[in-house]
Amino acid sequence: MSDIEKVKKLRAATGAGFKDCNLAIKESNGDLNKAVEILRIKGVSKASKKMSREAKEGVVAISGDEKKTSIIEVNCETDFVAKNNDFINFVKELSELNNSKNSNLEELKKSKMNNGLSVDENLVALIAKIGEKITIGQTKTISNSSSINYQYLHTVVKDNLAKLAVVVSLETKENSEMIKTFGKQLSMHIAASNPLALESNLIEKDIIDKEQELITEELKNSGKPDEIAKKISLGKMNKFKEENALLTQAWVMEPKKKVQDVLRELAINDLKIKEFSRIKIGE
């Protein structure tokens, strides 16, 4: 087999560029197995050099069904790469694999993909081939036998890949069109309003502490008496909690109502919002 034929075979097997394959063939004295190993090592080296760069573009993918739904974020450096077929195919397969691993990131990275290589190995190879930093970001699996999951994709890139994705789980024995409409509308509401938690008491303490710090700093030089400043601070904090807890947010479809009001008006006694996940690229 000529060196040119070996380069072609190596390119087909690894997806690496012509120049890299040609150099690997020369360095390995024509041994294809050694050439593959050389490219793998060089790929790791290239990938490590790119990891200090920012990756704020990418896509969010949803996989699974209405009982078990997973959402995963994969970041890259440019929107151009986010639309690249190699990147998209990697994310699609990764998303399905993620659903089977229940969003356990450690297990996911070690898992074998269709080509027999692990997720980590494929990620390194993709970085080397595309030439950008690529990282796996946030991931979440929502699974509950008594619930139905609803999803919403905003700014779709392709199929189940988008710039923003939402999954919300509703628990009820009823499965009417009214419930389906509410589930779809609620997922759109979450996409638009970005709640931090289902209820105000579930907002993370670090977020509350940071907001309190900002409020205190704002009032510090206001010149208001301490008692008045404390009341203003309490009012601001209560407003922050109300605006960032899903149940007390203004309903996007009818802002004079809160989400909990709409839930009550549906008059379905066993209807509950169990949990939700919202992931947006760049946030």
Restricting attention to the range 16-35, which residues are in contact with a Leu (Cβ under 8 Å, 6 or more places away or on another chain), at pLDDT below 75 and within 22 Å of Gly131 (Cα to Cα)? Ala16
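Ser187: surrounded by fewer than 17 Cβ atoms within 10 Å (Cβ to Cβ) and under 22 Å from Leu266 (Cα atoms), yes or no?
It is false that Ser187 is surrounded by fewer than 17 Cβ atoms within 10 Å (Cβ to Cβ) and under 22 Å from Leu266 (Cα atoms).
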Can you say whether Ile130 is in contact (Cβ under 8 Å) with a residue 40 or more places away in the chain and crowded, with 19+ Cβ neighbours inside 10 Å, as far as the supplied structure shows? yes
Of the listed residues (Lys210, Lys231, Lys224), the one being modelled with pLDDT under 95, under 29 Å from Val74 (Cβ atoms) and of a type outside the set (Val, Ile, Thr) is Lys210
Hey, any hits in the range 170-179 for a residue that's of a type in the set (A, V, I, L, M), touching a Lys or Arg at 6+ places or on another chain (Cβ under 9 Å) and part of a strand (DSSP E or B)? yes
Applying the selection to the range 145-161, what residues are among the polar types (S, T, N, Q) and surrounded by 15 or more Cβ atoms within 10 Å (Cβ to Cβ)? Ser147, Asn149, Gln151, Asn160
Take Lys67 and decide whether it is touching a residue at least 40 places away in the same chain (Cβ under 8 Å) and within 19 Å of Ser169 (Cβ to Cβ). yes
Of the listed residues (Thr139, Thr172), the one being buried (at least 21 other Cβ atoms within 10 Å of the Cβ) and either polar (S, T, N, Q) or touching a residue at least 12 places away in the same chain (Cβ under 8 Å) (or both) is Thr139
For Asn99, are the conditions met, namely being over 17 Å from Ile134 (Cα atoms), assigned by TED's automatic domain parsing to the domain that holds Leu126 and touching a residue at least 40 places away in the same chain (Cβ under 8 Å)? yes
Looking only at the range 90-128, count every residue that is in contact with a strand residue (DSSP E or B) (Cβ under 9 Å, 6 or more places away or on another chain) and not in a helix (DSSP H, G or I) and tell me the total. 7
Taking the stated definitions as given, is Val81 buried (at least 19 other Cβ atoms within 10 Å of the Cβ), closer than 15 Å to Val157 by Cα, β-branched (Val, Ile, Thr) and out of contact with any helix residue (DSSP H, G or I) (no Cβ under 8 Å at 6 or more places or on another chain)? no
Would you pick out the residues in the range 94-109 that are modelled with pLDDT of 95 or more, more than 22 Å from Val168 (Cβ to Cβ) and surrounded by fewer than 17 Cβ atoms within 10 Å (Cβ to Cβ)? Glu107
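The values are calculated or read from the model by the stated rules, or taken from the named source; none is laboratory data. The model shown is predicted, which means the values in this text are computed figures rather than measured ones. With ideal geometry, Cβ positions are generated from the backbone for all residues, glycine too; neighbour counts draw on all protein chains shown.
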